[in-house]
Amino acid sequence: MARIHYARIDEDGFTTHNSFESDTAERFRGLEPEDPDSYDPIEDLYCDDLGQWYLDTGAIGGIYRWVSEEEARQWLIDNDYPEEAKRRFDRPKGGRPSKGTKVEVRIPAWTLRRIDEIAARNEQSQLEMIRRLLEMAVRIEGSIADSAVIVPPQ
């Protein structure tokens with residue numbers, strides 16, 4: 001798998017770095033420059049299996065950055081993917097369709113506060129962030145030792 005490193009800059013100008021797997025991400029190729037002699041880079045937009053968006057700016061050395069859903073939607077429209085933008089972002093009114101089985105759990109207050117902070121940074125609802133975090137945990141479970149114990153802060 002190809003692990004791609006990216007940067008994310010929040011509204012306060014704080015930069016965080018992380019990575020995503022490009023082999024499992026969906027790739028959208030940007031438009032070629034109108035001038036064939038132009039040195040303008042060709043951008044690529046990626047969507048990982050968790051629905052997060054990343055832009056390859058086309059810069060030499062590979063500079064990738066996380067983009068919001070609104071930025072991804074506009075990029076798709078600007079780069080001749082209007083149907084894809086509509087399919088992914090223009091959801092019909094009437095509520096969210098059911099995804100999977102409903103499960104009720106009790107979550108400690110400190111954990112829920114942390115989830116809310118992460119959700120706010122990622123512009124997600126609390127429920128969507130809980131779903132995504134659970135999906136991530138299940139995916140990486142195989143890569144951590146079964147004997148690992150996570151101890152909550154006191």
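The values are calculated or read from the model by the stated rules, or taken from the named source; none is laboratory data. Since the structure is predicted, the reported quantities are computational estimates derived from the model, not experimental observations. As a convention, Cβ positions derive from the backbone with ideal geometry for all residues, glycine included, and neighbour counts pool all protein chains shown. For the accessible areas, the whole protein counts, side chains as well, though only heavy atoms, and no ligand, DNA or RNA atoms are used. Shrake-Rupley method; radii C 1.70, N 1.55, O 1.52, S 1.80 Å.
Descriptive notes on the structure:
- Protein-only accessible surface at a 1.4 angstrom probe places the residues Leu76, Leu127 in the order Leu127, Leu76, largest first.
- With DNA, RNA and ligands ignored, accessible area of Asp35 (1.4 Å probe; Å², nearest 10): 80
- Between Val105, Val138, Val67, the residue with the greatest mean-square fluctuation in the GNM of the chain (Cα pairs under 10 Å linked by springs) is Val105.
- Highest-MSF residue in the chain out of Asp116, Asp37, Asp56 [GNM, Cα springs under 10 Å]: Asp37
- Given the choices [x] 47, 35, 25; [y] 61, 40, 32; [z] 64, 51, 25, Cα extents along the principal axes in Å derived from the coordinates of this structure is entry [y].
- By a 1.4 Å probe calculation restricted to protein chains, Trp75 has an accessible surface near 20 Å², given to the nearest 10.
- Pairwise FRET efficiency - Asp48 versus Asp78, Cβ, R0 = 25 Å, nearest 0.05: 0.75
- Mean Cα-pair separation over length for the chain, i.e. relative contact order, pairs under 8 Å, 6 or more apart, %: 13
- Helix 109-121 axis versus longest C-alpha principal axis of the chain: approximately 10°, rounded to the nearest ten.
- With at most 10 neighbouring Cβ atoms within 10 Å, loop trypsin sites (Lys or Arg not before Pro) (DSSP) excluded, longest segment of the chain: 1-92
- Loop sites in region 1-58: chymotrypsin sites (Phe, Trp or Tyr not before Pro), DSSP, at most 10 other Cβ within 10 Å: Phe14, Tyr39
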